[in-house]
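Here the structure comes first, spelled out in structure tokens, and everything after it is commentary.
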């Protein structure tokens, strides 16, 4: 990947951004988009609200299961 060194003023503007921004030349022509990096260190991963017991119950269930292909075929008939 090519790296382009920015002057301090432009770098400060980009560091303050919370969402994506268009980068333009002095005439207003869009040169590209800047997407800031997100710091995920303060976030916790989401986990399903389902117990291990429930997962085991579902795995051992005798209920009929359908493959994706079976579901698609059924939907095409509707």
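With the requirement that a residue be within 29 Å of the chain's Cα centre (by Cα) and surrounded by fewer than 10 Cβ atoms within 10 Å (Cβ to Cβ), what does region 62-74 give you?
Once the filter is applied, which keeps residues that are within 29 Å of the chain's Cα centre (by Cα) and surrounded by fewer than 10 Cβ atoms within 10 Å (Cβ to Cβ), region 62-74 yields 67, 68, 69.
Regarding residue 55, is this residue surrounded by 10 or more Cβ atoms within 10 Å (Cβ to Cβ), modelled with pLDDT under 95, touching a strand residue (DSSP E or B) at 6+ places or on another chain (Cβ under 7 Å) and not in a loop (DSSP other than H, G, I, E, B)?
Here the answer is no, as residue 55 does not meet what is asked.
Quick check: is even one residue across region 26-35 at pLDDT 90 or above, on the phi < 0 side of the Ramachandran plot, touching a helix residue (DSSP H, G or I) at 6+ places or on another chain (Cβ under 9 Å) and not in a loop (DSSP other than H, G, I, E, B)?
Yes, some residue in region 26-35 is at pLDDT 90 or above, on the phi < 0 side of the Ramachandran plot, touching a helix residue (DSSP H, G or I) at 6+ places or on another chain (Cβ under 9 Å) and not in a loop (DSSP other than H, G, I, E, B).
Could you grab the pairs with beta carbons closer than 7 Å, sequence gap of 6+ or different chains, first residue in region 1-14 and at negative phi and in a loop (DSSP other than H, G, I, E, B), second one modelled with pLDDT of 90 or more and exposed (fewer than 10 other Cβ atoms within 10 Å of the Cβ)?
From residues that are at negative phi and in a loop (DSSP other than H, G, I, E, B), there are no pairs.
The values are calculated or read from the model by the stated rules, or taken from the named source; none is laboratory data. No experiment lies behind these values; they were computed from the predicted model shown. Don't worry about glycine lacking a Cβ; one is built from the backbone with ideal geometry, like all the others, and counts go over all protein chains shown.
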